[in-house]
Structures are given as structure tokens and as C-alpha cells.
Amino acid sequence: MANHPSLSTAPLARPVSPLGPPRHRLRAVEAGEPAPAPEVALPAGATWLPVPPHTLPALPGNPPMVGYLVLVPAGQQPPFAEAAAPAVSAVPVPEPAAHEPAPEPAPEPRAEAVRVDAHRRTAEVDGRPLDLTYLEFELLAHLVAHPHRVHTRDQLVTTVWGYGHVGDGRTVDVHIARLRRKLGSAYRHSIQTVRRVGYKYTPPLR
């Protein structure tokens, strides 16, 4: 029976190794012919087994492939390991020049001093819990949720007190003054007055 056409006629290029010169890794076999022994010197105590044909990939228009499993005793170098392993070399890390100062470590992010938990309805400043009324909490929570945004007094009345509230901006001023007192002298300026407009919240950092 005629042989299948050869898969490759050129040897695989690989680094020179103790296993000898490069060989043809693939050759044609007849149908039904058992897999030939691998053309490579095996280490002492090693053996080989043919790979089941159904586990090998099939390339359309090409003959079936032949593969091997090489079993090597524990502690021995498997064949082709030196040729297949890429060379690893240590790359020295350049030290900074004498005239260049060493880079400073990045500063750790600072935590916000005023924290509001809308789900638990708790507020604290610098770890100290705040005793707030319902409207004071709603006002502070709204400001903290929108930092650096300028709110007019009418917007705060509509958002915090609701559309049905009857009052004016003076109500907002009173509650802002109460919040500032409870925040304390160190953090009272986090609620800033924008002249002729309203208020904005600037998060203070510890």
C-alpha cells in the first residue's frame, strides 16, 4: 500500500542540544502501521508510548499525525526540556544616578472627615457620631452626596423639605447654622456660603 505524502521534509530548527543534530520529526506511515519509535535518545530508565490517534488533531487535506508520550523517572531531565526552555537571564535594575534624588513614595489617600450612611441614617465627623434631627440629617446627606455643587436656597427647600413646604430661604439658613455648630470649629467651613446664591459642600480631609 502506498505511503501517505510526507507532512514535512525540513528538520525543525532548534538550538543545539546534547541529544544530537536535528532530525525529521514527522514522516509518512502506511495505513495500519504502528507508530515507529521516536528518533531520539531517551534518558536511562525512560520509555515511550504511542499517543492514541483519536487524541491528535486532524488537519484537513493532510495525513494523520503520529505522537508519543515519553515517560521519564522522577528527578530526571525530560528530553527536549533544555531545547524547549527559553533562556532566562537576570536583568539588573539600574540604580538612580548620584545626582538624581530617589523617588518619594506616593502619599496614602486621606479619608474624608465627614461620613454619612444614608441606609443606616447615621452621620459622623472625624469618627465622632453626630446627633442630628430628621431635617438636619436630610440636609447634610444631600450636601455630602453632591460635593462642590452650588445649591440655591429654593433648591434645598424643594429637595429636603419638599414641594409642599411653605417657607423661605431663612429656614435653610437656620438649619445650615445648626449643622455648622454640630460639625465643630474644625469642620464647620466644609459647608460654604456662596454669596447671593446659596451653599455648597467641600469634603474636608483628615
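The values are calculated or read from the model by the stated rules, or taken from the named source; none is laboratory data. What you are looking at is a predicted structure, and each value in this text was computed from that prediction instead of being measured. Reconstructed Cβ throughout: ideal geometry from the backbone, glycine too, with neighbour counts over all protein chains shown. All accessible areas refer to the heavy atoms of the entire protein, side chains included, with ligands and DNA or RNA removed. Shrake-Rupley method; radii C 1.70, N 1.55, O 1.52, S 1.80 Å.
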Once the other residues with Cβ under 15 Å from the Cβ of residue 152 are scored (Lys, Arg +1; Asp, Glu -1), what is the net sum? +3
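Which whole-number value in Å² is the accessible area per residue of the stretch 151-201, probe 1.4 Å?
Values: 3140 Å² over 51 residues.
Each residue of the stretch 151-201 exposes 62 Å² on average to a 1.4 Å probe.
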Given the protein chains as shown and a 1.4 Å probe, how many square angstrom of residue 182 are accessible, to the nearest 10? 70 Å²
With label points built 7 Å along Cα→Cβ from the Cα atoms of residue 185 and residue 152, find their separation and express it in nm. 3.7 nm
For 124, 104, 136, 112, give me the order by solvent-accessible area with a 1.4 Å probe, most accessible first, ignoring ligands, DNA and RNA. 104, 112, 124, 136
Obtain the nm distance between the two label points defined at residue 145 and residue 62 by a simple spin-label model: each point lies 7 Å from its Cα along the Cα-to-C-beta direction. 6.3 nm
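How about the stretch 135-206: which chymotrypsin sites (Phe, Trp or Tyr not before Pro) there lie in a loop by DSSP and see at most 12 other Cβ atoms within 10 Å?
Values: sites: 137, 161, 163, 187, 199, 201; in loops: 163, 187.
Passing sites in the stretch 135-206 are 163.
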Length-normalised contact order of the stretch 119-206 in % [C-alpha pairs under 8 Å, at least 6 apart]: 33 percent
